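Input: a single structure, listed below in structure tokens.
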Amino acid sequence: MALGLPLLRAALLCERALYEADGTLSIIRVVHAAALPASGAGRPVRLTLVVMLERGEAPSGAHTLRLSIERPSGERVGHKQLELDLADGATAQSTNVVLDVTFEPREEGAHWFRVAWDDDDALLARVPFTAVD
């Protein structure tokens, strides 16, 4: 497990996120659920995952942000790793990760977007998205 973890400022799913001219991040239409198609077959859902971190106790240097989706059945899919480099400096250093995500909710229930730091044991957040019939 990581020795020091960053502070989680926010982790959410939205329709889109925009960086304004002054560098401010605007989060548009926060979402938490969608209807499954009548056929039962998965229809791709396009979302934006926003993770806002502050350095906190995380040491400087290279780190890995690990993202995956846990289906209601417990199966994990969509594994993605993003490399982040934390420079030496203030513990208030902030990092925003904005990631476009397309996935198919094939079963009804809560799908959990997992956000982990350096290894899967250092879980920072689980963001729910519910597929309803």
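Is there any pair linking a residue in region 101-116 that is at pLDDT 95 or above to one that is basic (Lys, Arg) and in a strand (DSSP E or B), with Cβ under 9 Å and at least six apart or on different chains, and which?
Sorted first by the residue in region 101-116, then by its partner, the pairs are TRP112/ARG126; PHE113/ARG126; ARG114/ARG66; ARG114/ARG76; ARG114/ARG126; VAL115/ARG66; VAL115/ARG126; ALA116/ARG66.
Against the definition (assigned to a strand (DSSP E or B) and over 14 Å from the mean Cα position of the chain (by Cα)), how does ALA116 come out, yes or no? It would help to see each step written out before you state the result.
On the way: assigned to a strand (DSSP E or B): yes; over 14 Å from the mean Cα position of the chain (by Cα): no.
No: the conditions fail for ALA116.
Kindly evaluate ASP133 against the criterion of being exposed (fewer than 15 other Cβ atoms within 10 Å of the Cβ) and closer than 18 Å to LEU7 by Cβ.
Taking the combined requirement at face value, the residue does not satisfy it.
Yes or no: THR95 hydroxyl-bearing (Ser, Thr, Tyr), in a strand (DSSP E or B) and surrounded by 14 or more Cβ atoms within 10 Å (Cβ to Cβ)? I'd like the intermediate steps shown before the answer.
On the way: hydroxyl-bearing (Ser, Thr, Tyr): yes; in a strand (DSSP E or B): yes; surrounded by 14 or more Cβ atoms within 10 Å (Cβ to Cβ): yes.
Here the answer is yes, as THR95 does meet what is asked.
Which one of GLY78, GLY74, GLY23 is on the phi > 0 side of the Ramachandran plot, out of contact with any Gly (no Cβ under 8 Å at 6 or more places or on another chain), not acidic (Asp, Glu) and not in a loop (DSSP other than H, G, I, E, B)? Full working, then the answer.
Values: GLY74 fails: not in a loop (DSSP other than H, G, I, E, B); GLY23 fails: not in a loop (DSSP other than H, G, I, E, B).
Of GLY78, GLY74, GLY23, the one residue that is on the phi > 0 side of the Ramachandran plot, out of contact with any Gly (no Cβ under 8 Å at 6 or more places or on another chain), not acidic (Asp, Glu) and not in a loop (DSSP other than H, G, I, E, B) is GLY78.
The values are calculated or read from the model by the stated rules, or taken from the named source; none is laboratory data. Remember, predicted model here, so these are calculated numbers, not experimental data. Virtual Cβ from ideal backbone geometry, glycine too; neighbours counted across all protein chains shown.
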